[in-house]
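Data block below; observations after.
The values are calculated or read from the model by the stated rules, or taken from the named source; none is laboratory data. Computed from a prediction, not measured in an experiment: that's the story for all the values here. Ideal geometry is used to build each Cβ from the backbone, glycine not excepted, and the neighbour counts take in all protein chains shown. In case anyone asks, the SASA skips ligands and DNA or RNA and just uses the protein heavy atoms, side chains included. Shrake-Rupley method; radii C 1.70, N 1.55, O 1.52, S 1.80 Å.
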Amino acid sequence: MTGGSETPPYIPVASADLSGSEERYVVEAIRSSWISSTGKFISRFEEEFAILCGAKCAIAACNGTVALHLALLALDVRPGDEVLVPSLTYIATANAVRYVGAEPVFVDVDPDTWCIDPKLLEASISRRTKGIIAVHLYGHPADMDSINHVAAVHGLWVVEDAAEAHLATYKGRPVGSLAKIATFSFYGNKMITCGEGGALTLDDSQLELRLRTLRGQGMDPERRYYFPVTGYNFRLTNVACAILCAQLERKTHILESRQRVFSRYTELLQGIDGIHFQPIANWARTSPWLFCITVDAQAYGRSRDELMTLLDEQQIETRPFFLSLHRLPPFRESSRVRGEFLPVTDHLSSTGMNLPTFTNLDDTHIERICKIIRSGRR
Ligand SMILES: *Cc1c(COP(=O)(O)O)cnc(C)c1O
């Protein structure tokens, strides 16, 4: 705290923008009494989201983790199977693999995309490998053509975890249409949100039937109250989809406002020794989720953690990059046994951080944040 002066306003790392039709649609859902898992907002959301992702169908689910779990169930992943995942991702990616009794095998990320490195996949494939989950990390699409190629050669499926990459494109094609199944999250800090929510997108109608059956307690969608398989209650409510429909109406505004935040940061943080930006491949159009920087402690004179503390003292919330999953207690022993060595993941995990990013983060706040980062160099 600076002596005597007033406390500056608190700036969170993320904040949802619900200023459009969100409230009106929620009221509409309540007044109609359709508040459970049937209703017009669910079908409207599923139709619109499928189109947005260039997929034949979208299926709403209660969150992004559940969407991943459903994908693995529908692909018949079983105990003893292995699934290749990046180690630099949110824990949900690897947790979902464990829910079906399978083992996540960690692969390092590509320094040019920060996503799973297609060149390293082959070395991690064993006789037990069933598929690959490619995460579009921090809004940047993974190199899907190369990943799909390796998968095809080895008879593996690919799932896109697109939780952080709404509206991003890969070689002009939208994420959500680039693998067997894609999953999305609409958690409160994601670019499109309904508080808690998720979705799957896909083209295969057989898989769609399986997913809808598994999502709804195993009930045959064509025969009410008949249950051919053990399913789950992984549905999303009409109230949540009311919020999502309103968010989709404003997707262009949300996207452009966040792009403005990204451009301001890029402009104002340019040329500071030791502060580096997220690389963007020439085939990628990224999703402006959370602005990323990495801190080279030698050149900047302060470590990432020291910079986070400095900002925190000025009421600015930031967030460190994900911890390397292969070092966390649930995974570290099996990772050690496999001899995993993931230097790019470890490096990014210890040097990267996210800066506040949301639609109504105003320019004066961005300027204040950048000034602190610039003058923090020693
Ligand atoms: C947010 C996120 C998820 C999980 O989403 P929830 O809706 O919070 O369950 C999965 N994967 C990644 C990469 C995420 O960032």
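Among the conditions (1) open to solvent by less than 20 Å² (accessible area, probe 1.4 Å); (2) among the hydrophobic types (A, V, I, L, M, F, W, C); (3) farther than 21 Å from Q270 by Cα, F341 misses just one, which is (1).
Only a single criterion out of (1) farther than 27 Å from S21 by Cβ; (2) more than 15 Å from the ligand (Cβ to nearest atom) is not satisfied by T65, namely (2). Residues in segment 72-88 that are touching a strand residue (DSSP E or B) at 6+ places or on another chain (Cβ under 6 Å) and more than 11 Å from the ligand (Cβ to nearest atom): L75, V77, D81, E82, V83, L84, S87. Pairs meeting the criteria (first residue in segment 7-33 and in a loop (DSSP other than H, G, I, E, B), second residue of a type in the set (A, V, I, L, M, F, W, C) and at pLDDT 95 or above, beta carbons under 6 Å, at least 6 apart or on different chains) are A14/F358; S15/F358; G20/A246; S21/A246.
The set of residues in segment 347-375 that are under 20 Å from W289 (Cβ atoms) and either over 19 Å from the mean Cα position of the chain (by Cα) or at pLDDT below 95 (or both) comprises T351, N360, L361, D362, D363, H365, I366, I369, C370, I373. Residues in segment 59-111 that are open to solvent by 30 Å² or more (accessible area, probe 1.4 Å) and closer than 17 Å to T345 by Cα: Y90, I91, P111. The requirement of being in contact (Cβ under 8 Å) with a residue 40 or more places away in the chain, open to solvent by 40 Å² or more (accessible area, probe 1.4 Å) and either part of a loop (DSSP other than H, G, I, E, B) or over 21 Å from E317 (Cβ atoms) (or both) is not satisfied by I243. Residue count for segment 82-101, restricted to those that are under 17 Å from M144 (Cβ atoms) and under 14 Å from the mean Cα position of the chain (by Cα): 4. What do you reckon, is S146 under 21 Å from P330 (Cα atoms) and outside the structural domain of F331 (by TED's automatic domain parsing)? No; evaluated as a whole, the condition is false for this residue. Can you spot a residue in segment 271-294 that is part of a helix (DSSP H, G or I) and modelled with pLDDT of 95 or more? No, segment 271-294 contains no residue that is part of a helix (DSSP H, G or I) and modelled with pLDDT of 95 or more. For the residues T213, T201, the requirement of being under 20 Å from the mean Cα position of the chain (by Cα), closer than 25 Å to K40 by Cβ and of a type in the set (V, I, T) singles out T201.
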